[in-house]
Amino acid sequence: MDSSLLQLLAASLLGGLLLLIVVALIVLYMFSEAYPNLRRHEDEKYFFDPASKNRKLFPNLFENPSIELSVIFPAYNEEERIHLALDEALLYLQDRKKKNSSFTYEVIVVDDGSRDKTSNIVLENYVKKHSTDVIRVLTLTKNRGKGGAVRMGVLSCRGKHILFADADGATKFSDVEKLEKSMKELNEKNPEGSAIVCGSRAHLEDDAIATRSVFRTFLMKGFHFLVWFLCVRGIRDTQCGFKLLTRKAANRTFTNMHVERWAFDVDLLYVAQHFKIPIREVAVTWHEVEGESVRLQLVVSPRYCGSQEWD
């Protein structure tokens with residue numbers, strides 16, 4: 001190949017990477033807070049109990065845990081798909097409870113200012129059936145972004161361990177056992193009790209590249225490079241919405257996280273690495289879910305994260 005052509009190609013690639021870095025820095029500047037946003041509206045401190053027809057106060061993350069596992073589902077305009085995640089999760093959790101009566105859990109659906117009937121559907125179809133001891137709805141008064149919704153759910157939970165998962169049910173919920181097994185191994189090596197286990201789709205990357213255009217592959221690789229270069233190293237898939245944290249790790253990370261929208265996971269893991277919290281990555285079963293799925297916008301727009309649309 002002609003040397004001038006090689007130089008041109010190298011210059012183009014370098015220019016593209018520099019452009020991605022500049023865009024990423026601008027986006028992070030625009031959508032991050034100078035200080036962690038822990039403020040919440042007075043109404044967001046309560047959940048509605050259909051049985052008593054009263055509002056009850058949520059607990060907070062700074063209290064001692066009272067159950068084993070809290071599951072957080074952030075949801076924005078998910079009235080059509082929320083049942084996919086909740087049906088699978090509740091079936092698994094109930095079966096696990098039958099096998100082990102000492103196992104305790106809760107599910108918190110965080111409605112991130114939805115314009116549809118997400119909150120009402122969860123209240124009518126799930127909370128009334130299972131009670132607020134099993135499932136609760138936290139309805140945010142305005143849209144905060146996926147990271148903000150997860151943070152509010154985490155701050156309102158009771159669990160010793162905290163799992164957050166996407167409301168579209170894209171990840172096989174029973175894979176939480178893989179994360180728990182890895183968490184146990186981390187805790188044995190780290191008696192301080194602070195750890196994070198990330199579900200990962202990295203093992204699916206080769207298949208994705210085979211069906212993806214060159215331009216989209218470039219954007220994906222560019223995003224991975226930016227994450228590695230600027231923020232988080234050692235984690236191949238920072239964006240998978242299936243992560244398990246100890247309560248102590250959640251307390252340290254979510255109270256110090258500055259990004260609430262696009263790429264909040266990167267900020268979360270960056271904070272964790274800053275505090276030297278052990279992190280491990282575990283392969284999970286993942287599939288594409290029809291609905292508000294996003295491809296190109298995943299990289300270039302802060303309005304999108306995972307396979308759901310957030311304002």
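Of note:
- Fully extending the segment from Glu192 to Ser66 would add 43.4 nm, taking 0.36 nm per residue of separation and subtracting the current Cα-Cα distance.
- Qualifying trypsin sites (Lys or Arg not before Pro) for the range 68-107 [loop in DSSP, other Cβ within 10 Å: at most 12]: none
- For the peptides 44-56, 127-139, the ranking by packing is 127-139, 44-56, with the highest mean count of neighbouring Cβ atoms within 10 Å listed first.
- Exceeding the 24 Å Cα-Cα cut-off - candidates Lys128/Lys178; Lys181/Lys248; Lys189/Lys243: Lys128/Lys178
None of the figures in this text is laboratory data; all of them are computed from the coordinates on show. Values in this document were obtained by computation on a predicted structure and should not be read as measured data. Methodologically, a virtual Cβ is constructed for each residue, glycine included, from the backbone with ideal geometry; neighbour enumeration extends over all protein chains shown.
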